[in-house]
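Only one structure is covered here, and it is reproduced in the block below.
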Amino acid sequence: MSFKSSVQIALLALFGTGFAQTVDGSKYNNPTAGPPASYFAAATTIPVAALQSAAAKASTAAQDATYPINGDSGAKKVTIHGDWSNFSEGAAFVWVADMDVDCDGLDYKCKGNPDGQAQTNFGALAAYEVPFIVIPDKFGTKYANVLPGNNIGAVICNGKMFYGIYGDTDGDTPQVIGEASWLMARTCFPNDDLNGNSGHGAADVTYILFTGKDAVLPSSALNKNYITNFTTLRSMGDKLMSALAKSLNLSGGTTPPTTTPPSGSCSWAGHCAGASCSSENDCSDDLVCTSGKCA
């Protein structure tokens, strides 16, 4: 065993497995083998149902905030609400819409996406690897001062919450709302074979997008194509969501949860120390694959 590996194991024994989990994004850039949902799922302490209920009651429209969910004549229109945008902690925009699939960026040739673009607003994100959400371009421009790009966001779908980033805008005519990357959409609705030309049509997905520079995923956790540190994404998401819940006086919002697991456990069940593995990507947190076992 190398000296480096010995030091890693000794440190893990002292402090648990909460070191930042880094990934090679290109290894997950696959339509059927993206990062597992556990990489970007909210902590179990987040009051998801209460947040969804609170979002449904939001009523104050932001400026330039109403858009159709698709380009069809008579399509349902959705409004982005700013009720939570002035909170001192956990400030965010919120809306409820459908979820179409956006593959712009590195994976613009995804199934059902003949007219995709090779770039996203802040790079060329990989839709198979990055859980990103899309907002109308007009809204993004209007609020560029508080939405500079790569802001942490979250969706609530099927009673679950997943974190992502604001990674792209829709500039179609008309501009539409209710879009997310291939990874996010297929994580939310894994049995529906969603693709670039087949989305989730029901307007029952809650979107929460945090504002301000403190809500931006740092460059140490992503590059122009991939999220490289999902621990940072989860940690920031949980912290911001807990602050929002606190501002809304919801149970579960008093103490931000930690993504650092206690000694002897890890953040990806079934992939902890001793689990079978074939590569480092099969092991949680900072564990490494040694002789077929996570250690």
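Bear in mind these aren't lab numbers, they're just calculated from the coordinates by the rules spelled out. What you see is a predicted model, and the numbers here were worked out from it, not measured in a lab. With ideal geometry, Cβ positions are generated from the backbone for all residues, glycine too; neighbour counts draw on all protein chains shown.
Points worth noting:
- Averaging the Cα positions of each part gives two centres, and for the stretch 205-248 and the stretch 182-201 these lie 22 Å apart.
- Beyond 29 Å in Cα-Cα separation lie the following of the pairs K160/K246; K27/K57; K77/K111; K76/K239; K76/K160: K27/K57; K76/K239.
- Peptides ranked, highest mean first, by Cβ atoms within 10 Å: ranges 190-196, 69-75, 39-45: 39-45, 190-196, 69-75
- The orientation-averaged projected area of the convex hull spanned by the Cα atoms of the stretch 102-200 comes to 5.9 nm².
- Simple Cβ-charge dipole of the stretch 21-259, Lys/Arg +1 and Asp/Glu -1, about Cα centre, in debye nearest 20: 560
- From most to least packed by mean Cβ count within 10 Å, the peptides 219-226, 241-248 give 241-248, 219-226.
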